[in-house]
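What follows is one structure encoded as structure tokens, with my remarks underneath.
Where a number appears in this text, it was derived from the coordinates with a stated rule and is not lab data. Model, not experiment: these values are computed from the prediction. FYI the Cβ positions are ideal-geometry reconstructions off the backbone, even for glycines, and counts take in every protein chain you see.
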Amino acid sequence: MIIQPRTRGFICITTHPEGTAKNVHNQIEYIKSKNITGEGPKKVLVIGASTGFGLSSRISAAFGYNAATVGVFFEKPAAPNKPGTAGWYNTAAFEKEAQEAGLYAKSINGDAFSDEIKKQTIELIKKDLGQVDLVVYSLASPRRTHPKTGVVYTSVLKPIGEPFTNKTVDFHTANVTDITINPIESQEEIDNTIAVMGGEDWKFWMEDLKEAGVLAEGVKTVAYSYIGPELTHRIYKDGAIGMAKIDLENTVPVINNLLADLNGVSYVSVNKALVTQSSSAIPVVPLYVSLLYKVMKAKGIHEGTIEQMQRLFTDRLYTADGNVPLDENGRIRIDDLEMREDVQKEVDDLWKIVTTENINEISDIEGYRNEFFQLFGFNYDNIDYEADTNELVTVPSIS
Ligand code: NAD
Ligand code: NA
């Protein structure tokens, strides 16, 4: 079928298989170009492996360290005349390239919050790999069905306390407006957000994996967080989602305790803000990211998910001397370049003056929009988007 971008609200509802394959290929080429030689992960489970940071983690492990990877995600396969989701095509492309490179790669498509998918994953690890030595936890979801009670929790992107007013942009039209976001109405909304994006499911995974004996001696596990600048604090760090991230951080000592007899260790890595399907849904954040991209690109320090994950692996998790650099709160920081004082000062100055009239000059809104569409396989050179393409792409390990 001929597949062109179609949007509903801010999201893109079509996906191009050749373009998403190009996105995966570019990331693989980037990792290969780094010629990583040090010791690293060998057998890796990535939960949330199909897009964003999770996909880039999987690519870094596989093509940076020749690791075998099992990826878990929740995506829609392709059907006749209905493209699959980006994560489906990303995984199809990843597995194909992994196979060609002689790397083990298998995937499981289903609800990672469920006991059933945890069980299936454990069976696959037992059968094919025996144990894993790295578990990456990179889920981003608006909803979670609790596996023990069946209760469905929905997260909110809301401030706590007073209503929050700030600038925001519709990145499709580049229209800058003020937005007022009403605060949570009850503690329950915070609790629900914690139930979805906090640490409980990460802990459940680690408990089940340990219980099944599929965690190797010295196993590492990492989950991702975000802090960001003052101007997004009310909607992010100090909002309901921020409370869930505190819960995630508080899970680190719990998992460390669980892994103590294996000499295992868990980390939260604070990553930088960038364009993913999840972050484009947060008010205020896309405008901040457009300004941040402009400033970081001008300074030659721009990073996407793959650059971030490559640094996480080689400069943090698997350093030559084995030390993992942490901040005063015990977290890995790869948001160091985003949070640099000179970067934040410049973003702040631009934030004060940005309007619909000047946004195209003073921000990288065009780069934002371009990257957003590239997540869905669009806006790549050398792909003929007028041409017929085979939408019925399968993931080799999932029939
Ligand atoms: P993403 O939307 O690109 O990826 C989410 C992944 O989770 C996908 O693989 C998806 O299939 C999977 N998933 C969602 N629900 C699932 C379910 N029920 N079962 C199985 N798989 C499921 O998100 P992302 O932006 O890469 O976010 C990953 C993590 O990184 C999150 O914890 C997020 O808070 C954090 N983070 C994001 C940013 C950012 O700017 N995007 C910055 C710092 C940290
Ligand atoms: Na991810």
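Provide the percentage of antiparallel DSSP beta bridges, counting only those with both residues in the chain; round to the nearest 5.
Expressed as a percentage, antiparallel bridges in the chain total about 30.
To the nearest 0.05, what FRET efficiency results for residue 66 and residue 336 with a Förster distance of 30 Å applied to their C-beta separation?
So the FRET efficiency works out to roughly 0.60.
Under 1.5 on a/c is rounded, so check that first for the stretch 1-121, then, if it is not, pick prolate when a/b is larger than b/c and oblate when it is not; a ≥ b ≥ c are the square roots of the alpha carbon gyration tensor eigenvalues.
Cα axes put the stretch 1-121 in the oblate bin.
In nm, what is the difference between 0.36 nm times the number of residues separating residue 321 and residue 386 and their Cα-Cα distance?
Going from the current span to full extension adds 18.2 nm.
When Rg is the radius of gyration of the Cα atoms in the chain and Rh is its Kirkwood radius, what does Rg/Rh come to?
0.95
Please work out how much length the chain gains when fully extended from residue 143 to residue 230, using 0.36 nm per residue of separation minus the C-alpha to C-alpha distance, in nm with one decimal.
Extending this stretch completely gives an extra 28.6 nm.
For the residues 375, 392, what sequence is obtained by ranking on other C-beta atoms within 10 Å, fewest first?
The order, fewest Cβ neighbours first, is 392, 375.
Which whole-Hz ³J(HN,Hα) couplings does the stretch 91-99 yield from phi under the Karplus relation 6.51 cos²θ - 1.76 cosθ + 1.60, θ = phi - 60°, glycine and proline marked x?
Coupling constants for the stretch 91-99: 5, 4, 5, 4, 4, 4, 5, 5, 4 Hz.
Express in nm, to one decimal, how much length is gained between residue 263 and residue 32 on full extension, taking 0.36 nm for each residue of separation and deducting their alpha carbon distance.
Roughly 80.1 nm would be gained on extension.
If R0 is 45 Å, what FRET efficiency do you get for residue 254 and residue 360 from their C-beta distance, rounded to 0.05?
0.40
Could you name the lysines whose alpha carbon sits less than 28 Å from that of residue 34, not counting residues in the same chain fewer than 8 places away?
22, 42, 43, 96, 106, 220, 272, 294, 297, 299
How far is it, in nm, from the label point at residue 177 to the one at residue 81 when both lie 7 Å from their Cα along the line to the Cβ?
3.6 nm
With charges set only on the Cβ (+1 for Lys and Arg, -1 for Asp and Glu), what does the dipole of the chain come to about its Cα centre, in debye to the nearest 20?
My answer is approximately 620 debye.
Arrange the following residues from fewest to most other Cβ atoms within 10 Å of their Cβ: 349, 111, 178.
The most exposed by this proxy come first: 178, 349, 111.
Estimate the FRET efficiency between residue 116 and residue 10 by the formula 1/(1 + (r/R0)^6), using the beta-carbon distance for r and 22 Å for R0, to the nearest 0.05.
The value I calculate is 0.10.
Using a Gaussian network model on the chain with a 10 Å cutoff between Cα atoms, which of 106, 82, 43 fluctuates the most?
Judging by the Gaussian network model, the answer is 82.
When 259, 326 are ordered from fewest to most other Cβ atoms inside 10 Å of their Cβ, what list results?
Ranking 259, 326 by Cβ neighbours within 10 Å, fewest first, gives 326, 259.
How large is the helix-only mean residue ellipticity at 222 nm for the chain, computed as the sum of -39500 (n - 2.57) over DSSP H runs with n ≥ 4, divided by its residue count, in deg cm²/dmol to the nearest 500?
Here the helix-only value at 222 nm equals -12000 deg cm²/dmol.
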